[in-house]
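What follows is calculated from the coordinates using simple rules that are stated; it is not laboratory data. A quick note: this is a predicted structure, and the numbers were derived from the prediction, not measured. Cβ sites come from the backbone with ideal geometry, for glycine too, and all protein chains shown count toward neighbours.
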Amino acid sequence: MSMASLLSIRLWRALSMQARHPAMLVFAANMTRSGLAFLLGLVVARGLGPADFGLFTTFIVATILAHNLIGEGFDPGVVRFYAKCRDSDPARAPMILGSAIAMRGLLVIPMLLIVLGIAHWLAPALREVLQLAALTAMAASFATLSLAVLQARERFVAYALLTPLVNLLRLLSVPMLWLAGVFTLWSLMWTHALFFALAAVIGMRLLREDLQQARFESTAVRQLFRFGKWTALANLSFLLQVNLAVPVLTQAKGAAQAGLYSAAATLLLFIDQFTVALLTVNLPSTSRIETLAELRAYVKRLAPRLVTVSLALCLLVPLSDPVVALVFGPAYAGSAEVMRVLLPGFIATLLSHPLYLVLFSFDRPHWYTASGLIALAMWCALAWWLVPAHGLVGAAWATTGSRVLQALMIFVMVRYTIAHRPIPHAPDTDSDSPTETLLKPASAQTEQAPRP
């Protein structure tokens, strides 16, 4: 056998081993889910037009926000405590699952009160959209709970198969709905809810042994809530900051403008996905940092790469018009200007968010949460000022302004932390510090933020 053949075999074996690595499985699953969502968004945008696409995006955003209140924001705590019990006391692990289910049941009540209270003041079409979003969020919370437990049990193959399932089924259902003559806004939203319910059933079926032994424990519920409050608050503040423009535009300016805004944001979503990938890859290495020299080296090593990618993304400014026309068609021509306005904010997030991992090394996740809350307040102020007069472009400037402000705050916090504070000793594993999982979503990542 020739030397070239031996090298090819070794390379293939090395690539195969890497592909089977749990981190690669999880990363591939998340990217597949995002890619399917992007394709579905394109199909819906072209098939329904800007007005219905705006309502559809409002439904997706409302589902994401409601889901964060009762599920996704608290899933990292489930991973942490389940994994801890699985190592130290396996007989108690099902208690974490039972307590997590009970906590979801308790959180559903305030979530419904919030959603229905908001819906009461909206137009009838929006009211019905929010009601269905609340129902979908309840199904989604059990689907992601099963993912959290699969992650804690290190069943990454099952995790990777279940993660993109809902979006795959949604995309496959589109031609069937079209052929049946029922390709409408409401059929698409109902399939979203039903497929999340199906994923929840499949996920819980995979956990049937734990479910048979599951039990409720009030102490565990309080522990899960104390640990998850930082995660939920951080996720919620960022989700609101980047997604609130859609329902606000729908209510203030009509669904068509919300659809144009959504198209521009969809085209830039890959930047946030890349940011999530950086967070996922760098979380393990930053967790092992023990000296200030290593911390500074991490920042110096990452910063040039981020700057290079950001400069390359600036090419989207002159390309925005042809890209929008090619992907969405002439009906979305107004999205090009929105895309140009949003781009600096996405780049600011890319430059700053991988650096806030430094704050976790110093057990300061609340600093990042504070930056998100301040940025959200800035978005609200800018939107109140700009949206009435400038519509979707004003909403885009509000989003960019809030993202840039948060980026600047993260830079200042990280610089101060590196310059002035020593790294503390590792916190006790029984403490309420959320450092280990504030960034880590139920999908072995961070964003899924958002998406960071």
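Starting from the Cα-Cα distance between Ile109 and Lys84, subtract it from 0.36 nm times their residue separation and give me the gain in nm to one decimal. Can you show the working numbers first?
Details: separation 25, 0.36 × 25 = 9.00 nm, distance 2.91 nm.
Contour length minus the Cα-Cα distance gives 6.1 nm.
Once label points are set 7 Å from the Cα along Cα→Cβ at both Leu198 and Trp186, what is their separation, rounded to one decimal in nm?
With each label placed 7 Å out from Cα toward Cβ, I get 2.1 nm.
How much length, in nm to one decimal, is gained on full extension between Ala370 and Glu128, taken as 0.36 nm per residue of separation minus their Cα-Cα distance?
Values: separation 242, 0.36 × 242 = 87.12 nm, distance 3.34 nm.
This chain segment gains 83.8 nm when fully extended.
Using a 10 Å cut-off on Cβ atoms, rank the peptides 328-340, 383-395, 55-67, 301-313 from the highest mean neighbour count down. Could you put the intermediate results ahead of the total?
Numbers: 328-340: 20.0, 383-395: 18.3, 55-67: 24.2, 301-313: 13.2.
Ranking the peptides 328-340, 383-395, 55-67, 301-313 by packing returns 55-67, 328-340, 383-395, 301-313.
In nm, to one decimal, how far is the Glu154 label point from the Leu315 one, both placed 7 Å along Cα→Cβ?
Taking the two extended label points, one gets 4.2 nm.
Kindly identify the range 128-181 as rounded, prolate or oblate by the Cα gyration tensor criterion: order the square roots of the eigenvalues as a ≥ b ≥ c, call it rounded if a/c is under 1.5, otherwise compare a/b with b/c, prolate if a/b is larger, else oblate.
Working: a/c = 5.59, a/b = 1.49, b/c = 3.76.
Verdict is oblate for the range 128-181.
Suppose R0 equals 56 Å; then what is the FRET efficiency for Glu294 and Arg205 from their Cβ-Cβ distance, rounded to the nearest 0.05?
Working from the Cβ atoms, E equals 0.80.
For labels at His120 and Met176 in the simple 7 Å Cα→Cβ model, what's the distance in nm?
Spacing of the two 7 Å Cα→Cβ label points: 3.9 nm.
Please report the spacing between the Cα centers of the range 368-398 and the range 178-231 in Å, no decimals.
Taking the Cα centre of each part, the range 368-398 and the range 178-231 sit 32 Å apart.
Please give me the summed charge of the neighbours of Leu40: other residues whose Cβ is under 12 Å from its Cβ, Lys and Arg +1, Asp and Glu -1.
Working: positive: Arg33, Arg46, Arg170; negative: none.
Residues near Leu40 contribute +3 overall.
Gain in length, Val307 to Leu42, computed as 0.36 nm per residue apart minus the alpha-carbon separation, to one decimal in nm?
Between Val307 and Leu42, full extension yields an extra 92.4 nm.
Could you order the peptides 240-252, 364-376 from most to least packed, using the average number of other C-beta atoms within 10 Å per residue?
Details: 240-252: 23.2, 364-376: 20.5.
Averaged packing, sorted descending, gives the order 240-252, 364-376.
Report the local net charge at Trp190: Lys and Arg +1, Asp and Glu -1, summed over other residues whose C-beta lies under 13 Å from its C-beta. List each step's numbers first, then the result.
Details: positive: Arg170; negative: Glu128.
Once all neighbours under 13 Å are counted, the net charge is 0.
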